[in-house]
1. Mind checking which pairs have a first residue in segment 302-313 that is open to solvent by less than 10 Å² (accessible area, probe 1.4 Å) and a second that is part of a helix (DSSP H, G or I) and near ligand 1 (Cβ under 6 Å from one of its atoms), Cβ under 7 Å, 6 or more apart or different chains?
2. Where residues in segment 337-394 are open to solvent by 80 Å² or more (accessible area, probe 1.4 Å) and β-branched (Val, Ile, Thr), which of them is nearest to the chain's Cα centre (by Cα)?
3. Under 30 Å from residue 123 (Cβ atoms) and either under 26 Å from the mean Cα position of the chain (by Cα) or open to solvent by less than 10 Å² (accessible area, probe 1.4 Å) (or both), is that true of residue 78?
4. Identify the single condition in (1) closer than 30 Å to residue 179 by Cβ; (2) exposed (fewer than 14 other Cβ atoms within 10 Å of the Cβ); (3) of a type in the set (Val, Ile, Thr) that residue 32 does not satisfy, given that it satisfies every other one.
5. Between a residue in segment 100-113 that is farther than 11 Å from residue 54 by Cβ and any residue that is open to solvent by less than 40 Å² (accessible area, probe 1.4 Å), which pairs come within a Cβ distance under 6 Å, given they are 6 or more apart or on different chains?
6. Tell me, which strands (runs of 3 or more DSSP E) lie completely within segment 88-142 with 1 or more residues that are open to solvent by 80 Å² or more (accessible area, probe 1.4 Å)?
7. As an exercise: evaluate residue 177 against (1) under 22 Å from the mean Cα position of the chain (by Cα); (2) within 15 Å of ligand 1 (Cβ to nearest atom); (3) over 16 Å from residue 319 (Cβ atoms) and give the number of the one condition it does not meet.
8. What are the residues in segment 325-353 that are under 27 Å from residue 247 (Cβ atoms) and assigned to a loop (DSSP other than H, G, I, E, B), if any?
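The values are calculated or read from the model by the stated rules, or taken from the named source; none is laboratory data. These numbers come from a predicted model, not from an experiment. Here the Cβ positions follow ideal geometry from the backbone for every residue, glycine too, while neighbour counts run over all protein chains shown. With ligands, DNA and RNA removed, areas are computed over all heavy atoms of the protein, side chains included. Shrake-Rupley method; radii C 1.70, N 1.55, O 1.52, S 1.80 Å.
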Amino acid sequence: MKTVTEAQSLVLQYCQRLSSCEVAAAEALGLVLAEDVISDVDSPPHDKSVVDGFAVRTADFVEGKGRLEVIEIITAGSVPTKALSAGQTSQIMTGAPLPTGADAIVIVERSNLARGELAKLADLIELHEPKLKPGQNIMRRGIAMQQGEQVLASGTRLRAVELGILAEVGRTKIAVQRRPVVAVLATGDELVPPHCKPAAGKIRNSNGPLLVGMVREADAAPYDLGIALDTADSLREKIVTALANCDLLLLSGGVSAGVLDLVPTVLAELGVVEVFHQVSLKPGKPLWFGVYENDARRCLVFGLPGNPVSTFVSFTLFVRPVLDRLLGRPTLQPIIARLSKAHVCRGDRSTYWPSRLIGDEADATRQVEPLNWHGSGDLRTLLNANALAIFETAGEHPAGEEVPILRL
Ligand code: AMP
Ligand code: MG
């Protein structure tokens, strides 16, 4: 039986970054950037005022007070035309460029003018700013970004903030990774769709929505094939569709040792070549992995064990890294935490135990608490988990022991 690490590296041997395509930046939320982005501007583009107030020369102030002649009103979007000489000020609005000669801005609240009131040219303004310092209320040109500087790296997932930055540097079209298309097929005669009340002996298909959600969380595109019965015909029909259209096919159930566990046989019959079956992993031992290839495409096929937490753990350990590789970005690695309480592990397989990371993940004294989990059919306990604690050996693990954990 393969170890988790052996199985992971085998799977990754079949993965290459997918091609990129150009999309409108406005449509790119949640996609992964496939180019480095360089700024074509300084930000801000000029020394600018960050308040509404008066541009001044600090040298004109004595004991925090100045009485200055107004020579210009500078609004955002306009350009100052007058340099300040001794005894002069320009009224300036937030975002407007600093006039030559000025070295600070005094906010309007420290003047004899009301907020929103316009100064009169040639009037004298009284300013009172006891803590006036050169540079006060000025944002210097290029402090946030400089023209020619790289502001986003290839492999970055585009959130709202990245879309704002793309707009700021004038990028309306960008190269992104094509989203991997991932078929999801739940198998089992016992399954009914979530909107049905299960009859005796039946359960609702929770793995389907779980996997579709995990695919979306990984920034890939799910292709939900619903439920197949435990018959060769039913499986064949759905699998053929997936192999013809998708980068990955995730099946749940039907890969254990039951009499109706037909998935490996049907996959083989349809030309999917087995790479491995079974991993020394708890939960998730029955995992099946194979590859389908023809001249046009390659589809990686995962037969995930049917118990929901086995499905979840196998996706996290094997499918998520594949999707990250296809999208050209690094995958999350385990970190170390100390057990907050003793934990007993049975069996000889690597165990990935639903757990709760306590405290800041950046804190070196972080602790992890293994949850009171009832095994691979207990999806509910995952509601409280934010990590999987990894136990490589059986027996008692004392409180305080350092264990690797995978954050969820
Ligand atoms: P299997 O791997 O098909 O033997 O299924 C193992 C266990 O997982 C059985 O108790 C199934 O009822 C359960 N199971 C299989 N598929 C699903 C599913 N889609 N949703 C929820 N539970 C499932
Ligand atoms: Mg089954």
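1. Close Cβ pairs (under 7 Å, with a partner that is part of a helix (DSSP H, G or I) and near ligand 1 (Cβ under 6 Å from one of its atoms)) amount to 311/207.
2. Checked segment 337-394; the qualifying residue nearest to the chain's Cα centre (by Cα) is 365.
3. The answer is no for residue 78.
4. All conditions pass for residue 32, except number (2).
5. These pairs meet every condition: 101/84; 103/58.
6. Filter on segment 88-142 gives 124-128.
7. Looking at each condition in turn, residue 177 falls short on (2).
8. If the condition is that a residue be under 27 Å from residue 247 (Cβ atoms) and assigned to a loop (DSSP other than H, G, I, E, B), then 327, 328, 329, 330, 331, 332, 333, 334 are the ones that fit.
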